[in-house]
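Beneath this line is the structure, given in structure tokens, with notes to follow.
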Amino acid sequence: MRYLPLSEPQRREMLGAIGAASVDELFRDLPKSALASAKFDLPNTASEIEVERSLSIMAAKNLNCGAAPSFLGAGNYRHHTPASMDYLIQRGEFLTAYTPYQPEISQGTLQAIFEFQTQVALITGMEIANASMYDGATACAEAVAMACRITKRTSALVSGNVHPHYRDTTETTMKFLDVAVECLAPDPAGIEDLIGRISPEHACVVVQTPGFFGHLKNYAVLAEACHKAGALLVVCVTEPVSLGAITPPGHIGADIVVGEGQSLAGPMSFGGPGVGLFATREKFLRQMPGRLCGETTDEDGRRGWVLTLSTREQHIRREKATSNICTNSGLIALAFSTHMTLLGEAGFTRLAELNHAMAVTLAEKVEKLPGVKILSSTFFNEFAVLLPKKAEGVVEALAKRRILGGVPASRFYPTYPELANVLLLTATETNTAADIDTLVGALKEVLA
Amino acid sequence: MTIPTTASGNRGLQLEQGLIFEQNTPGMSGVDLPAVPKVADRLGDMKSTKNIGLPGMSEPDVVRHYTRLSQKNYSIDSGFYPLGSCTMKHNPRLNEKMARLPGFADIHPFQPVSTIQGALELIDTCAHWLKTLTGMTAVAMSPAAGAHGELCGLMCIKSAHEANGQGHRKTILVPESAHGTNPATAALCGYAVESIPANAEGRVDVAALRAHLRPEIAAVMITNPNTCGLFERDCIAIAEAVHEAGAYFYMDGANYNAIVARLRIADLGVDAMHINLHKTFSTPHGGGGPGAGPTVLSAKLAPFAPVPMVIKVGEGFDVEEHAGHGTATQSYGRMKGYHGQFGVFVRAVSYMMAMGGDGLKQASGDAVLNANYLLARLSEELTPAFEGPCMHEAVFDDRFLKGTGVTTLDIAKALIDEGVHPPTMYFPLVVHGALLMEPTETESKATLDGFIASLLHLARKAKSGTAEAEFKAAPMLSPRRRLDETKAARKPILRWLPSSDSNGTRQAAE
Amino acid sequence: MSETRFTKDHEWIKIEGKIGTVGITQFAQSQLGDIVFVEVPAAGKAVKSGGEAAVVESVKAASEVYSPVSGTVKEGNAALPDAPETVNQDPEGAGWFFKIEMSDAKELEGLMDKAAYDKYLAELA
């Protein structure tokens, strides 16, 4: 087996040094009954070429988005990945290193985390950010838990414009902590009244921008209402590219900003692994979950970086920790950071402009189709449309024509008949004008 | 010999590198984008008016930046990484290549199910291997990492107790030698935590455990092999006692790599166990993640598993995405977005297929052999904390340093100068001054012998009583020497700020 | 006339009339190492004997400071959060954590005097 360097003579020599007759003898503490009953009906060792063959056949059963005009979003976005980004994150020194617990020989990872924390803080408009969470949905649940710790309250109000997976993950996590999560109905029209629902029992109000149905809402007044009620405002961002074009949540009064960094961090990969972004105000630092990297100096006075404020974390605080998270999304955070660095201010804002322009181009054509109405009066690169037919059937019909034509809202809300005809459409810099024409032409036929 | 001072601050191949924010060329970008079509924007009043503050750099400068940063890292690719409990084994590049196949990388979680049959098959294949290896009924694939898998297991347990009218069970028993994630997870699941002591052999004291079992106990969480690198010989008796008391047995699978393909944990009476794919199944640690923590479940807990769940329908696959519907009527809900750590599954399946059942058994055998070889050879100078044989990791205490003035930390830092990543230090907490070494199966005898030679040399040097100052000064040869963690924690600087004197301007390297 | 008493968790309390000043002992600070963070209670907070009253952290450890007696906090040491190193430098002086108005002077009887505490430390070693 190519991954195992020991030869049989070496194994025997080592057993001699140990004073054991066989490897099996080293396993003598395992219960004999369990050893006897262990049978594994599994294939044997395979060569690289065989593994590649099997997995390539499996992969070929999928219709990949590069092989079809694709307009999918709903929290997971297809963007171009610079070649140098994917190369850099595959450098073995990043890819095959552990969490930087020995700072003297982990300065590369640590400095990259420090830069990542700064980038996340800058784009969200917040004061500080952590080294990453698993994904946007779990970051959202952690934000609600943190708001409960800060306010010492045990309920939360969640907007109908929050991604249903974020909402579900938050609801599931919080129910085990006896925190009541009040979720408003899905809001494709963008008309819900959150301010009227805030009560003094709420630890926080959770919203999303751009909303799940695309809307760009100004939550400044909501932020004021939250603070008046002693609650925090948690803002989710599922498409961070939008932050190159819209006012960051931190500038309208958000207390915690969480998000999914996948859209800037490489392939969609069927939705995972992603990278959870988590940013907040400095005054809430001690209640923040997750790792943090900080600046310091070494014995020679040279600047360097270490993991810091670890007393918040599980390996020190155990049951009193701010979270149980250990492994996070280090490499995906590095990919996010590398892409951001490549883009820079000019590239990031231009990428956002381009995304918006492609989406507006798509919207202008789609809204001219008979019986089709765009529900999002404002949007970034994704919007909701009301079709004259059930969206799920339309999407299936488009898939038969090898077009990945959006995500039907019914996939998330199977029990809401009023959403059956709602379709989410996204355009990014990866779409061409020809892609858009192909989709619009096919939609016209399918809807006819 | 003293290290010469250079004008640049560089030391040969050790190149100093400022922050990206200190390399800003305004307006520069390392990405050229197509022209932006002219449209009337629909951003409304949320259209941004302010600069963000991101630095501008060209592509070559960015490539150089991250390449130089990478050179300040130790990694499995570059050397021996015996970090106990972390399983730093070789990460095959085939896994990376497979994860980048467009049919796996370039697919969206909400494509029509008819267009992602291969993705669902991949998840089902991973699940099949995990269920076959463990003998368990079901596996929840969505947990994102080990701690998340623990949470999944405890959520299933709590849901099962509530469904059976046992909601009054509010406490989880955890050995005092456990990883911090166990008590932290229990708390996150709304449970109180009670610690059970270990015996002198470094194992769970079954009598003490029995004394703690009462009607309020919801579950026992036991890492097996445990954090001292020892197999819990009495685990079947433990499982029986736990079940007799109406509680569930959660086995923490952090060290599953030691026993994979040797026994089925179902035969130990386990109700739930997470499996770190980034440990046992070789997916890269990536400087802190991502991992994946699929959680295998017994028949009693399987109905409560979280969504999504891949289901076989005839020759094809479907996915149940909603708790309370279809095959997920009793599911406790969703704990992560989308379909779990799919890209990690691809890498793990690539590894499973490459190893095969026979290769996995050889791997656990070699991992245990390597650890016992370290235990035997290092006992010449070091003091083992427990009697062997150990499983996949060997733990030493600091008795061998008594009276030398040299500490476990000093030995670890001196190992850095020897070109080795130090073992885990001061964990498990039940071992004084612990050095926990996990060599893994992917290290050659020559590598182990080199490490043994270095460590024996350091142990003798420490015992000589003449080298305390030298140890305290280590490491001398790494990109940075010991860093001031007290300073970092007292006045935290967690981001770059443009105006601050301490970090706003590019510092001249010293 | 003042006297100082000690707990098994290594807090000290210096008693002057109804007011006790509480801190951690020289031994406790030496065990913790460099202290990087201190959280002191606000005036008016009611605490119970043995209840959590303050937090002290080093880089690698976090501990609760338990109140040796029940009562109402009169004052937290406002200087500590910005200068946690004071606890290392002068744990039984300027590094005090809080002052408390005792509700039950009898609780002091359960605490150790200096001689008993020194003996207790000798047994730990």
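The values are calculated or read from the model by the stated rules, or taken from the named source; none is laboratory data. Keep in mind the model is a prediction, meaning the values are calculated, not measured. Every residue, glycine as well, gets a Cβ built from its backbone with ideal geometry; the counts of neighbours run over all protein chains shown. Keep in mind that these areas ignore ligands, DNA and RNA; they rest on the heavy atoms of the full protein, side chains included. Shrake-Rupley method; radii C 1.70, N 1.55, O 1.52, S 1.80 Å.
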**Message:** Placing unit charges on C-beta atoms (Lys and Arg positive, Asp and Glu negative, everything else neutral), compute the dipole magnitude of chain B about its Cα centre in debye, rounded to 20.
**Reply:** 940
**Asked** Can you pull the mean other chain C-beta count within 10 Å for peptide C:2-10?
**Response** 0
**Prompt:** Pick from C:Glu52, C:Glu16, C:Glu109: which is most flexible by mean-square fluctuation in a GNM of chain C where alpha carbon atoms under 10 Å apart are linked?
**Reply:** C:Glu109
**Asked** Given a cut-off of under 8 Å on Cα pairs at least six residues apart, what relative contact order in percent is computed for the stretch C:3-124?
**Response** 31
**Prompt:** Under the classification rounded if a/c is under 1.5, otherwise prolate if a/b is larger than b/c and oblate if not, where does the stretch B:361-479 fall, given a ≥ b ≥ c as square roots of the Cα gyration tensor eigenvalues?
**Reply:** prolate
**Request:** Read phi for every residue in the stretch A:232-243 and hand back ³J(HN,Hα) as whole Hz from Karplus 6.51 cos²θ - 1.76 cosθ + 1.60, θ = phi - 60°, with x for Gly and Pro.
**Result:** 9, 9, 9, 10, 9, 10, 8, 10, x, 4, 4, 6
**Message:** Would you work out the Kirkwood radius for the stretch B:331-400? I mean one over the mean of 1/r across all pairs of different Cα atoms, in Å.
**Reply:** 15.3
**Asked** Say R0 is 45 Å: what FRET efficiency, to the nearest 0.05, do B:Thr2 and A:Glu25 get from their beta-carbon distance?
**Response** 0.30
**Prompt:** DSSP loop GluC sites (Glu not before Pro) in the stretch B:300-397 with at most 16 other Cβ atoms within 10 Å of their Cβ, which ones?
**Reply:** B:Glu315, B:Glu380, B:Glu387
**Message:** If packing is taken as the average count of other Cβ atoms within 10 Å, what order do B:456-468, B:101-113, C:55-67 fall into, highest mean first?
**Reply:** B:101-113, C:55-67, B:456-468
**Request:** Mind checking the stretch B:24-129 for trypsin sites (Lys or Arg not before Pro) that DSSP puts in a loop (not H, G, I, E or B) and that have at most 16 other Cβ atoms within 10 Å?
**Result:** B:Lys38, B:Lys50
**A:Phe412 accessible area, 1.4 Å probe, all protein chains in place, Å² to nearest 10** = 10
**Asked** Points 7 angstrom from Cα along the Cβ direction at B:Ala200 and B:Leu456: gap in nanometres?
**Response** 3.0
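Give the peptides A:271-283, A:365-377, B:335-347 in descending order of average Cβ contacts within 10 Å, highest first. Can you show the working numbers first?
Details: A:271-283: 26.3, A:365-377: 15.8, B:335-347: 28.8.
By packing density, highest mean first, the sequence is B:335-347, A:271-283, A:365-377.
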**Complete:** Note, the stretch B:245-253: 3J(HN,Hα) by Karplus (6.51, -1.76, 1.60, θ = phi - 60°), whole Hz, Gly/Pro = x, goes 7, x, 9, 10, 10, 9, 9, 6, x
**Prompt:** What are the DSSP H helices in chain B that stretch 18 Å or more along their long axis, judged by alpha-carbon atoms, and whose average Kyte-Doolittle hydropathy comes to at least 0.5?
**Reply:** B:342-378
**Message:** In the protein assembly as shown, if the dipole is taken from +1 on Lys/Arg beta carbons and -1 on Asp/Glu beta carbons about the Cα centre, which of A:Ala391, A:Thr297, B:Leu263 is farthest to the positive end?
**Reply:** A:Ala391
**Message:** If I model a spin label at A:Ser47 and B:Ser444 as a point 7 Å from the Cα along the Cα→Cβ vector, what separation in nanometres do I get?
**Reply:** 2.3
**Request:** Report the calculated FRET efficiency for B:Arg210 and C:Ser70 (r = Cβ-Cβ distance, R0 = 41 Å), to the nearest 0.05.
**Result:** 0.65
**Fill in**
Of B:292-303, B:16-27, ordering from highest average Cβ density within 10 Å down gives B:292-303, B:16-27
**Asked** Residue by residue, what Karplus-based ³J(HN,Hα) values in Hz, rounded to whole numbers, does the stretch B:302-315 have, using 6.51, -1.76 and 1.60 with θ = phi - 60° and x for Gly and Pro?
**Response** 3, x, 9, 4, x, 8, x, 10, 7, 10, 7, 10, x, 8
**Asked** Carbon and sulfur: what percent of the stretch A:91-339's accessible surface (1.4 Å probe)?
**Response** 51
**Request:** Be a star and scan the stretch B:198-229 for residues whose amide nitrogen sits under 16 Å from the point 7 Å along the Cα-to-Cβ vector of B:Ser379.
**Result:** B:201-202, B:229
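Roughly how crowded by other chains is peptide B:388-395, in terms of the mean Cβ count from those chains within 10 Å of each of its Cβ atoms?
Other-chain Cβ atoms within 10 Å of each residue's Cβ, averaged: 2.
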**Message:** Checking the a/c ratio against 1.5 first, then a/b against b/c, what shape does the Cα gyration tensor give for the protein assembly as shown?
**Reply:** rounded
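Rounded, prolate or oblate, given the Cα gyration tensor of chain B, with a/c below 1.5 counting as rounded?
oblate
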**Asked** With charges set only on the Cβ (+1 for Lys and Arg, -1 for Asp and Glu), what does the dipole of the stretch B:51-129 come to about its Cα centre, in debye to the nearest 20?
**Response** 360
**Complete:** The FRET efficiency for C:Ala105 and C:Gln31, from their Cβ-Cβ distance with R0 = 35 Å and rounded to 0.05, is 0.75
**Complete:** Partner shielding of B:255-265, taken as the mean number of other chain Cβ atoms within 10 Å, equals 3
**Fill in**
The pairs in B:Lys89/B:Lys487; A:Lys320/C:Lys8; A:Lys39/B:Lys97; A:Lys61/B:Lys89; A:Lys152/A:Lys283; A:Lys373/B:Lys50 lying past 24 Å Cα-Cα in this model are B:Lys89/B:Lys487; A:Lys39/B:Lys97; A:Lys61/B:Lys89; A:Lys373/B:Lys50
